[in-house]
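Beneath this line is the structure, given in structure tokens, with notes to follow.
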Amino acid sequence: MGTTSPERILATLDDAQRSAALAVDGPVRIIAVAGAGKTRTITRRIAYACASGVWDPTRVLAVTFSVKAANEMRERLDALQVPRGVRASTFHSAALRQMREVWPDICEGPFPDVTEDKSALVAQALYRFNGIRPKEQPKQSVYEVGAEIDWCKVSLITAKNYARVCAATHRTPPAGLEPGQFATVYEQYEAEKNSRFEIDFNDILLLACHVLDAFPDVAKRIRRQIGWLTVDEYQDVSPLQHLLMTRWLGSNRNICVVGDPAQTIYSFAGATSYYLEHFGKEFAPLTADIALNRDYRSVSPIVGYANRVLGGSAQRQDYIRLESGRGTGSRVMSRIYETDAAEAQAVARQISRILAQGGNASDCAVLTRVGGQQTLVAQALKQANIPYRLRRNMNWQSSALAGTARQETAETSNAGVEQLGVEKGRVTISTIHAAKGLEYKHVFVIGLSEGLLPYKPQSDDGDVEEERRVLYVALTRAEDTLHLSFAKRSDSQTTYVRRLSRFLQ
């Protein structure tokens, strides 16, 4: 197979994208707004550096947060005829591959099994604590405790330090546990996991950090494989991932990070935009610090609305103002309904009109803050004979291991696809978190009231700001039309009247 010439690789990039692609040495930060062609820029930067002979393809690693994103990056690199030696993967799959390669040199025993589902371990740990049999443990408690264990690990917080962290940050443990009680459950979880000779998802990264710190010769071997490192979605890295990144680099300064502070929506799971915002200080002096601020996805009215939402923030100086790379289009539509059911039925009617005018169901998405809002929408679409699929957010990084069958979101669909024709596809009903990274021609964001977005009463300014960013992510999924709505009441029997979201006032 031939190679694409360096000139051809750069030919279709705009000025900012081209500057980013040409910055192939030293520390580089790229702030890329929604729809700015981020993946296009990253892959062409890699392709250009390899095609021009500046980089050795066998020593290039690009990491992102899901198998889907890594596969898309690999496909684009293949289309640019970049040698297969370039590795595009997730943090977890890259670390797991490294650990399996070096394990025989540091341990005589077999490599531990990676648990696919830690809920059984959590249930057993709770049983050791409260005496309730694993099968009788409340599922919500098991889920919440498991999520808190994940948060501790990605935040580099041990069971021994957990109570102190709670006292300092006013963090409330899950499942009605006191800080000391949760720490005990956490210790029991680790004991149960070790007794089964298993490691969990985040242990992969913790193990990799330990090996890189404790075995200098092995560390040198691993670092020789990483001459140039690119980290996508850098606004969502956790302290654990940042620690691993620094261990991968050692004294190497060929690092490029790409992200957008305005799209940080996973702080609850340990992600932080701190490292993106302070990259310039940590890796000073930077070779390049580039902003991609042109949104090629959304028409100008949608871009203007997204700017308006961010413009109402007390932290607006931290965000980049979008410019539209497309022309004018339909204005953003806003509607108020009496009940949730009326809102869902109205959305179904509007989607019916889009389909009647020749549109595809797959071009439409209904976005919700929480999964519980999706039931009425699904019912309304089913009654209108419109095929749909549901996307509910699961573990936010649950698809980060290559070669597994797990997906980033749980998906279900109705059985009416044949009635509309497979070529018409299905409407997507998705939580906003599960829709991150996706785009649709027609987007309906529902439930835009206080208590839903922002979700529940928020007393912490940081939590409120995160909810603002959640809305921003929802708005910037739309390409051609954007429909915003909320219902005054949950149903006709409810007397409580909701208020419009503060972000839209």
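The values are calculated or read from the model by the stated rules, or taken from the named source; none is laboratory data. Just so it is clear, the structure is predicted and the values come from calculations on it, not from any experiment. Because the Cβ atoms are built from the backbone with ideal geometry, glycine has one as well, and the counts that use them run over all protein chains shown. The accessibility values were calculated without ligands, DNA or RNA, using every heavy atom of the protein model including side chains. Shrake-Rupley method; radii C 1.70, N 1.55, O 1.52, S 1.80 Å.
Looking at the structure I just gave you, is V154 among the β-branched types (V, I, T) and within 18 Å of A183 (Cβ to Cβ)?
Working: among the β-branched types (V, I, T): yes; within 18 Å of A183 (Cβ to Cβ): yes.
Answer is yes for this residue.
For the condition in contact with a strand residue (DSSP E or B) (Cβ under 7 Å, 6 or more places away or on another chain), surrounded by 16 or more Cβ atoms within 10 Å (Cβ to Cβ) and free of Cβ contacts under 8 Å to residues at least 60 places away in the same chain, L212 does not qualify.
Note on region 215-239: residues that are part of a helix (DSSP H, G or I) and surrounded by fewer than 20 Cβ atoms within 10 Å (Cβ to Cβ) total 9. Hey, any hits in region 259-277 for a residue that's within 17 Å of R100 (Cα to Cα) and more than 16 Å from the chain's Cα centre (by Cα)? No.
Residue-level check: of (1) out of contact with any Phe, Trp or Tyr (no Cβ under 9 Å at 6 or more places or on another chain); (2) within 18 Å of G259 (Cα to Cα), N71 misses just (2).
Considering region 296-316, the residues that are open to solvent by less than 10 Å² (accessible area, probe 1.4 Å) and of a type in the set (S, T, Y) include one that is farthest from the chain's Cα centre (by Cα), namely S313. Checked against (1) touching a helix residue (DSSP H, G or I) at 6+ places or on another chain (Cβ under 6 Å); (2) hydrophobic (A, V, I, L, M, F, W, C); (3) without any contact (Cβ under 8 Å) to a residue 60 or more places away in the chain, W55 passes all but a single condition, namely (3). Just one residue in the set Q315, Q350, Q345 is of a type in the set (S, T, N, Q), at pLDDT 95 or above and in contact with a helix residue (DSSP H, G or I) (Cβ under 7 Å, 6 or more places away or on another chain); that residue is Q345. Listed here are the strands (runs of 3 or more DSSP E) enclosed by region 399-478 that have at least 2 residues being open to solvent by 10 Å² or more (accessible area, probe 1.4 Å), at pLDDT 55 or above and in contact with an Asp or Glu (Cβ under 9 Å, 6 or more places away or on another chain): 440-445. Selection of helices (runs of 4 or more DSSP H) fully inside region 91-177 by the criterion of at least 2 residues being closer than 27 Å to D463 by Cα returns 139-154, 159-169.
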